[in-house]
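Remarks on the structure that follows.
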Amino acid sequence: MTSDMIAAEAPGTWLLGDLTVNRIGFGAMRLTGSAAFHDGTPRDRGQAISVLRRAVELGVNHIDTAAFYFSRLRSANELINAALTPYPDDLVIATKVGPTRDASGEWTTPARPDQLRGQVEENLRQLGRDHLDVVNLRIMGQDSIGEHFGALAELRGAGLIRHLGISGARPSHLAEARTIAPVVCVQNRYGIDARGDEQMLHECAARGVAFVPFFSIAGEGRESGAVRTEREQILTLARAHGVSPSQIRLAWTLQQGRHVLAIPGTGNPDHLIDNLAAGALLLAEEELRLLDAIGRTAR
């Protein structure tokens, strides 16, 4: 496989505010371990750094991370800092605030609006930056996000944040946030067999807002990793194209709209190449319909 077939530029670009990103990026969560957060064996530090550097070499310029992505021995932000500073001028790092974990990794009460500045400053410290490109408010069950999003809008006005997004959001959250400050992206769970956010997908398209799915490869496996038993329709298409099931899942995701950005994550260099190659895979209409049928039966 040639380098032009695995370059992150293959599926095109999108604007996050005034920042141009390639539509296939990189999620940093799995760098901290083989599974989500503290549940799993941490990746080899040298390998994780190598994967980050290779991703950027192959055109990845959109990395998703968070200060709460850490395990016993690894912090995603620290790995990004170590691997990529001095940061390339075109690199966009998106982070999240809202959830909180104590030093042992246990989830605690989500941040109050007045605590969000501390979370922003912690991301700045860990990443070694004087501003954050994109900060997503991870919504933790609130019906109204006005106070939290307003607090982030103030930090944007102060120059600590360049652009804002929301995560785990409903259309009502997007509408409320947009009355407070511009929203450049919505980051929600979405995939072939996790289709509960069709309305948000279309709401974002109508408003020129990036839709950034997470767990688009993991499917029903979610935080624990990729699906344990892959669906037969996906295996059939993977065999027909001579690619992995993960590439089929990512290709389907990218073909849901030009505003859709993929952020697959891995600490494995071979999986990185495989994920990026999905950007050059174009599924035919009948293949998309076959995969769409999975979503209808999975609801």
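The values are calculated or read from the model by the stated rules, or taken from the named source; none is laboratory data. These figures come from a predicted structure and were not determined experimentally. A quick note on method: Cβ atoms are made from the backbone with ideal geometry, for glycine too, and the neighbour counts reach across all protein chains shown.
So, restricting to helices (runs of 4 or more DSSP H) that lie completely within the range 36-137, which ones have at least 1 residues that are within 26 Å of residue 218 (Cα to Cα), touching a His at 6+ places or on another chain (Cβ under 9 Å) and in contact (Cβ under 8 Å) with a residue 60 or more places away in the chain?
Values: elements: 45-57, 76-84, 116-127.
So the answer is 45-57.
Can you find even one residue in the range 266-276 that is within 11 Å of residue 23 (Cα to Cα) and either more than 15 Å from the chain's Cα centre (by Cα) or at pLDDT 95 or above (or both)?
Yes, there is a match, as at least one residue in the range 266-276 is within 11 Å of residue 23 (Cα to Cα) and either more than 15 Å from the chain's Cα centre (by Cα) or at pLDDT 95 or above (or both).
Identify, please: which residue in the range 231-282 is of a type in the set (D, E, K, R) and outside any helix (DSSP H, G or I) and is, among those, surrounded by the most Cβ atoms within 10 Å (Cβ to Cβ)?
Among residues in the range 231-282 that are of a type in the set (D, E, K, R) and outside any helix (DSSP H, G or I), the one surrounded by the most Cβ atoms within 10 Å (Cβ to Cβ) is 231.
Give the range 157-207 a look and list any residue that's polar (S, T, N, Q) and surrounded by 17 or more Cβ atoms within 10 Å (Cβ to Cβ), or say none.
Within the range 157-207, 167, 187, 188 qualify.
When the residues of the range 153-165 are narrowed to those that are out of contact with any helix residue (DSSP H, G or I) (no Cβ under 6 Å at 6 or more places or on another chain) and assigned to a helix (DSSP H, G or I), which ends up farthest from residue 17 (Cα to Cα)?
Step by step, filter the range 153-165, then rank; the result is 154.
I'd like the full set of residues that are farther than 19 Å from residue 292 by Cα and among the small types (Gly, Ala, Ser), limited to the range 248-268.
Correct list: 265, 267.
Considering each of 120, 92, 21, 60 in turn, give the residue that is crowded, with 19+ Cβ neighbours inside 10 Å, over 23 Å from residue 168 (Cα atoms), modelled with pLDDT of 95 or more and not basic (Lys, Arg).
60
Need pairs with beta-carbon distance below 8 Å; first residue of a type in the set (Asp, Glu) and within the range 164-190, second surrounded by fewer than 19 Cβ atoms within 10 Å (Cβ to Cβ); sequence gap 6+ or separate chains.
Listed pairs, sorted by first residue: 176/144; 176/146.
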